[in-house]
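What follows is a short report on a single structure.
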């Protein structure tokens with residue numbers, strides 16, 4: 001059965017016929033509706049994977065929380081602390097189609113986890129300017145000109 005599915009998927013993916021794509025989409029919609037009803041946590045994970053195609057840099061909340069938990073040394077900001085700081089400084093937490101808030105939160109925490117000791121060694125404080133500095137570095141990574149940085153590949157197993 002798996003081989004049949006893979007052959008059908010390949011046929012649809014290589015097809016130029018929109019009717020083939022629509023038929024495949026209708027079947028997948030029915031399967032997803034069943035998954036939402038019978039196994040919502042599975043369905044949520046699969047929808048998260050699909051949602052990634054709408055963003056250059058995307059993480060689901062669960063993926064982001066898992067990535068932050070694994071950071072050594074420990075990441076400095078919980079999502080709510082980070083979100084409050086972003087709002088207080090008037091910094092947008094996402095850029096439509098470019099990056100979502102969870103990707104940015106992880107990258108900023110990653111910068112602090114990886115380089116926080118170096119920042120402290122050189123007397124760079126944790127002021128508003130410092131927070132904006134870390135945000136700027138995160139945006140530099142997220143909008144990497146040569147496209148080599150990928151938040152999903154870097155932070156997810």
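The table for this structure:
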read-out: Length added when fully stretched, residue 130-residue 22, from 0.36 nm per residue minus Cα-Cα; value: 33.9 nm
read-out: Chain lengthening between residue 70 and residue 46 when straightened (0.36 nm per residue, less Cα-Cα); value: 6.4 nm
read-out: Label selected from (1) 0.97; (2) 1.09; (3) 1.38, the criterion being Rg/Rh (Cα atoms, Kirkwood Rh) as computed here; value: (2)
read-out: Residue 121 versus residue 96: modelled label distance in nm, points set 7 Å from Cα along the beta carbon direction; value: 4.3 nm
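Taken together, the values in this text are just the output of simple stated rules run on the coordinates, not laboratory data. It should be emphasised that the depicted structure is a prediction, and the values quoted were computed from it without experimental measurement. A quick note on method: Cβ atoms are made from the backbone with ideal geometry, for glycine too, and the neighbour counts reach across all protein chains shown.
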